[in-house]
Structures are given as structure tokens and as C-alpha cells.
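The values are calculated or read from the model by the stated rules, or taken from the named source; none is laboratory data. From a predicted model like this one, the values you see are computed outputs, not experimental measurements. Cβ atoms come from the backbone with ideal geometry, glycine included; neighbour counts cover every protein chain shown. Accessible surface is based on the protein model in full, side chains and every heavy atom, while ligands, DNA and RNA are left aside. Shrake-Rupley method; radii C 1.70, N 1.55, O 1.52, S 1.80 Å.
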Amino acid sequence: QVQLVESGGGLVQPGGSLRLSCAASGFIFSSAAMSWYRQAPGKGRELVAAITNTGDSTNYADSIKGRFTISRDNAKNTMYLQMNSLKPEDTAVYYCKVLWRGRQYWGQGTQVTVSS
């Protein structure tokens, strides 16, 4: 069974940094492209960043470009999102996602709050 567990969220001041982790199990992690999404209060879920199975290619939402970095460690079955220069508008629940064998799987989410 596919399982994705996010961690690393919390409260941070504007300009601060956080690193989110997504621990994966139940599928061949090294064969799967992964992505991070976020959902702010009252808004829809939006794609933040995506990464190929090997980590050779990434893409980012314009709103976070230059501030966030997506990465993965296939030996640890873990994906990361390094978040720098955080802004209040980054406040959201952050989710990791995998598309595996035609099915979409989501983690439970981790809350990121950026506030002074």
C-alpha cells in the first residue's frame, strides 16, 4: 500500500526557512516522479514543485521560483522541499503526491505558517 508522510512544517517568521520531508513507502520510489502541492485557507490546491524519478529535472510554480528547492534521496525513499525567504502568502498545508500505476496518492499534509 502506498503511503506518504510529510513532516517539517511549523511556525516561522517572514524571511525564515523550513525544510519539509516526505517519507514514502509501498511503491518503487526510484521509479516515480513526485511533487509538492499546497493549499491555503479558502483556496484550491496548487502545484508547488515537481521532480522526476531520478531528480534530473525539476519545475516550480512562478510564485516560489528562486526561493524553494525540491530534491529527493532515493536511497532513503524521501523527497524534500527546502523553503527559504518565506512569505506570509506561503502559509498553507503542504502535501506530497505521487502518481503510481495510474493512481494519485497524497500524504496527510503538514502545516506551514509564516507570520510575525
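Considering all alpha-carbon pairs of segment 2-116, what whole percent are spaced by more than 23 angstrom?
Everything past 23 Å amounts to 22 percent.
Which distance in Å, rounded to a whole number, links the C-alpha centroids of segment 1-27 and segment 45-116?
What the calculation gives is 8 Å, centre to centre.
In the chain, what percent of the accessible surface is made up of carbon and sulfur (1.4 Å probe, ligands and nucleic acids excluded)?
Of all accessible area on the chain, carbon and sulfur atoms account for 45 percent.
Could you work out the relative contact order of segment 1-70? I mean the mean sequence separation of Cα pairs under 8 Å and 6+ apart, divided by the number of residues, in percent.
Normalised by residue count, the contact order of segment 1-70 is 22 percent.
Ignoring ligands, DNA and RNA, what accessible area per residue does the chain give at 1.4 Å, in Å²? It would help to have the intermediate numbers written out before the result.
Numbers: 6050 Å² over 116 residues.
Spelled out: the 1.4 Å probe surface of the chain, per residue, equals 52 Å².
Cross-link candidates for LYS43: which lysines have Cα within less than 27 Å, leaving aside residues fewer than 8 places away along the same chain?
LYS65, LYS87, LYS97
Remind me, relative contact order of segment 35-116 in percent, using alpha carbon pairs under 8 angstrom and six or more residues apart?
Relative contact order of segment 35-116: 26 percent.
Roughly what would the spin-label model give for SER71 and ALA33, points 7 Å off Cα along C-beta, in nm?
Taking the two extended label points, one gets 2.2 nm.
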